[in-house]
Structure formats: structure tokens, C-alpha cells
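Notes to accompany the following structure.
The values are calculated or read from the model by the stated rules, or taken from the named source; none is laboratory data. Predicted model, so just to flag it, every value in this text is computed and none were measured. Because the Cβ atoms are built from the backbone with ideal geometry, glycine has one as well, and the counts that use them run over all protein chains shown.
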Amino acid sequence: MVVMGFFPMEARGIPAFARKYKTSCVTCHVAFPKLNAFGDAFRRNGFQFPEKTDPQYAKEEPVPMGAEAQKKVFPDAIWPGAIPHLPPIALVIESEVKYFPEAEDDEVKLSFDDFAGEVELLAGGTVGEDISFYGEVEFTSEGEAEIERVYAMFDNLISPSALYVKVGKFEPGVFTFSNHRRLAGPAYWILKSGGGIGDNKWSLEGEQKGLEASGIISGVVTYNAGLVEGRKNLLNTEKDFYGHLGAKIGGLRLDGVTEGSPSEESRPWVDNAVQFGGFAYVGTADLGTMTGVQEDPFTMFGGDVNVSWEGFNLLGAIALESHDQPLAANPTVGLDATFLLAEGSYVVFPWLIPSLRFENFKTKLADIDSTWAEGTRIVPALKILLRANVQVIIVVEVEEEDDAFKVEEVEAALILGF
């Protein structure tokens with residue numbers, strides 16, 4: 001897959017899946033990279049169709065790593081596996097143009113600075129039954145390379161769908177949504193902590209190294225529990241941990257179990273359902289100071305609700321964050337923060353999807369009703385699918401400044417995937 005656009009969409013889905021099953025992107029996506037209900041179930045199940053029906057729908061034969069008969073003589077033989085017939089990789093080229101209407105005459109109003117500024121190599125798939133993987137390496141125009149996400153999943157350890165274990169570098173599974181699967185616009189503040197609390201730049205996303213157990217109970221209840229390195233993934237004696245519990249009412253089951261092929265659905269973006277959940281995250285961050293290392297124990301908890309009806313989708317989320325000593329200059333002061341998110345979208349046509357997002361964060365001194373920092377942002381966006389794999393996107397970022405709302409940025413994108 002190659003994406004050539006005018007602002008980065010943090011694209012994460014890869015067309016290796018479309019090639020494997022010989023199906024359209026819309027089988028799993030409302031509009032790439034936002035997943036529909038079946039695509040979300042496919043992701044949860046380690047990039048496999050549910051109830052071990054993956055071989056039934058796969059059109060690309062894998063390369064066997066051992067004979068099927070070896071299962072009968074296990075443990076006196078290695079359990080057979082498989083690798084994809086073709087390398088399950090994709091290439092993403094991200095370019096960006098921005099217009100700043102509030103810029104002064106001596107400042108840049110139109111910027112092409114990040115044209116071809118980033119290239120991502122993505123890979124994903126399965127290596128036999130119930131072992132899956134995902135990888136993402138980012139290359140910048142400055143010649144730097146970074147592993148964004150890379151993990152292995154051991155799927156259906158307790159069947160059906162009751163236990164999965166993820167090992168590697170990934171985003172914690174604490175919400176029903178993710179920056180990697182958003183419809184359009186900039187990264188969500190609630191997942192990026194508005195740029196950090198004080199001198200602590202921790203956020204739920206960046207990705208973290210560790211392991212996560214997850215599962216689906218009776219098709220309607222889901223859980224996640226993770227133990228991660230924390231502290232910007234630097235080796236330390238303490239670890240961060242989190243837990244999430246969610247449920248779904250109506251619509252397709254969370255495990256994707258359904259009658260018939262999902263590709264037969266004439267409106268795959270429709271999933272009349274309510275999904276909700278809550279989470280807690282406990283961690284410790286290190287702050288570099290002039291006198292050494294200062295520790296900042298912190299907690300974050302909250303929840304979200306995701307409502308879909310016909311072509312409408314409404315997402316709401318809240319998170320409360322509390323830090324003991326996030327200020328290097330004043331280690332006796334704590335900070336509390338509140339994050340709010342509301343986002344609505346509507347499929348006018350399968351190829352035309354407007355959306356509107358509201359975000360707010362407020363940070364105040366702990367135990368004192370005194371605001372430290374706050375912000376409000378409104379993000380209208382329009383996504384147009386010229387083809388299932390060709391998108392035009394327009395995004396406007398409006399932020400509150402001096403008690404007035406101003407258009408900070410206007411962004412446009414063309415995204416082509418194959």
C-alpha cells in the first residue's frame with residue numbers, strides 16, 4: 001500500500017488483508033482507517049475471521065511449515081504452522097500541507113515543509129493458526145528510523161475468544177477508539193494528554209513495551225489488562241499497569257460471530273449498537289531535573305461510549321488524570337486534569353462522510369481551584385472516497401484563544417492506497 005497525501009492520517013490498516021481474502025477495503029472499514037464492526041472484531045481476533053473460519057474465507061494459500069499430521073503425534077513433533085505466500089507488507093508515504101490563516105505577514109501561511117516527510121513500512125497477518133503479528137517502522141526525511149509498533153499475538157488461548165495475549169510494543173487497549181483508527185483530523189487530546197501534564201510528557205499513546213491480556217466473553221463483554229514498561233520505555237524497576245472492562249448492546253457481536261459472509265452485507269458501515277467501557281491506568285514517570293531524577297506517580301481513569309445507528313456514529317469519552325509532582329521546578333505541587341471528547345460522523349453516502357469533533361482539557365493545581373492550563377478545540381472534517389482506496393480529506397482545526405475561537409489550521413489530503 002502506498003499513501004500519498006497532504007497530511008498524515010496515521011494509516012494502520014494494510015491491503016495485505018484485502019489480497020489475502022480478495023475482498024474490498026469496506027469489508028472491514030467504514031472509511032480507511034476507521035473500522036466498521038466486523039473490522040473491529042477481525043482486529044480483536046488477531047487478524048482472523050471468527051470461530052476458526054479463517055481458512056474458509058482466505059483465498060491466498062499460505063506456505064505450510066510442517067504437515068497437518070504432526071498435530072496427531074504432538075508432543076513428539078513440532079506443531080505445524082504456516083507463513084504467508086506473499087510478504088504481507090505495505091508502504092505508506094505521508095506528505096502534508098497546512099494553511100495558517102492567523103499567521104502574521106512575516107510568518108508562514110502556507111507550508112509544504114512536510115511534503116514526503118515520512119515513510120512507514122507496515123506488516124501484518126498470521127503465521128499459522130492463532131498466532132498473529134503486526135509491525136510498523138517509520139522513516140523520516142532526516143534519515144531517522146523508529147519502530148512505532150511491533151507485536152505478536154497468541155489468539156484464542158481459551159476458546160472461543162476468551163483469552164488473547166499480546167507481546168511487544170503497542171498502544172494500551174483502554175478505549176473503544178484509537179488514534180490509529182480515527183476517521184480524520186489530528187490526534188485526540190484525550191489520548192495524547194494535551195501534550196503532557198506539567199513536565200511529564202506521558203500519554204496513553206505513545207506506544208508502550210510490555211504485554212497485554214484481552215478477551216471477549218459471550219460475544220458482548222470485553223476486557224484488557226496490561227503490564228508495560230512505562231517511563232518512555234526506559235528500563236526501570238517499576239512497571240505501569242492498566243485494566244479495562246467494556247460491553248456492547250446490539251449490533252454485531254464483539255467476536256464477529258455472524259451468519260453468512262460479512263462481505264454479503266450491503267451496508268457494512270451500519271451497526272446499530274451501543275458500546276461502552278471504563279478503565280484505570282497507574283504509573284510512575286521520571287522527570288530529569290538539575291538535581292537528579294524526580295519521580296511523578298500518577299493515575300488516569302475514565303470511560304467512553306460509542307453509539308451507532310444507521311449512518312450515524314457518536315463517540316463520547318472522559319478521562320481524569322492526577323499527578324503527584326509533575327513540575328520539575330516545584331516538586332511539592334501536584335496537578336489534576338480532566339479531558340472531554342465528543343465526536344459525531346454521518347455516512348451521507350458510502351463515499352461521503354462529514355464529521356465534527358469537540359475536545360476540551362483543563363489542568364488545575366491539586367486541591368486548589370486554580371487553573372494551570374486549559375484548551376478547547378473544534379474539528380470539522382470531510383472525507384470523500386473517490387474509490388475504496390482513494391480518499392480526499394479536508395480538516396479545519398478551530399481552537400479557543402483569548403476567549404475567542406480562531407481557525408488555527410486548514411489541512412487537505414489525498415490518500416491513495418494499494
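Odds and ends about this structure:
- Taking the stretch 150-167 as the range and being touching a residue at least 24 places away in the same chain (Cβ under 8 Å), in a strand (DSSP E or B) and buried (at least 19 other Cβ atoms within 10 Å of the Cβ) as the test, the residues that pass are 153, 155, 156, 164, 166.
- Taking (1) farther than 30 Å from residue 392 by Cβ; (2) not in a helix (DSSP H, G or I) in turn, residue 139 satisfies each apart from (1).
- Residue count for the stretch 386-399, restricted to those that are farther than 14 Å from residue 357 by Cβ, touching a Gly at 6+ places or on another chain (Cβ under 8 Å) and either exposed (fewer than 15 other Cβ atoms within 10 Å of the Cβ) or β-branched (Val, Ile, Thr) (or both): 1
- Where helices (runs of 4 or more DSSP H) fall wholly inside the stretch 36-90, no range has 3 or more residues that are in contact with a Phe, Trp or Tyr (Cβ under 7 Å, 6 or more places away or on another chain).
- Condition check for residue 328 on (1) surrounded by fewer than 16 Cβ atoms within 10 Å (Cβ to Cβ); (2) of a type in the set (A, V, I, L, M, F, W, C); (3) outside any strand (DSSP E or B): one failure, at (1).
- Answer from 69, 123, 90, 82 - the residue that is of a type in the set (A, V, I, L, M, F, W, C), farther than 19 Å from residue 142 by Cβ and free of Cβ contacts under 8 Å to residues at least 24 places away in the same chain: 69
Table: residues versus (1) closer than 18 Å to residue 190 by Cβ; (2) in a strand (DSSP E or B); (3) at pLDDT 90 or above.
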residue	(1), (2), (3)
320	yes, yes, yes
353	no, yes, yes
360	yes, yes, yes
378	yes, yes, yes
386	no, yes, no
393	no, yes, no
397	yes, yes, yes
414	no, yes, no
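- Every residue from the stretch 1-48 that is of a type in the set (Asp, Glu) and modelled with pLDDT of 75 or more: 40
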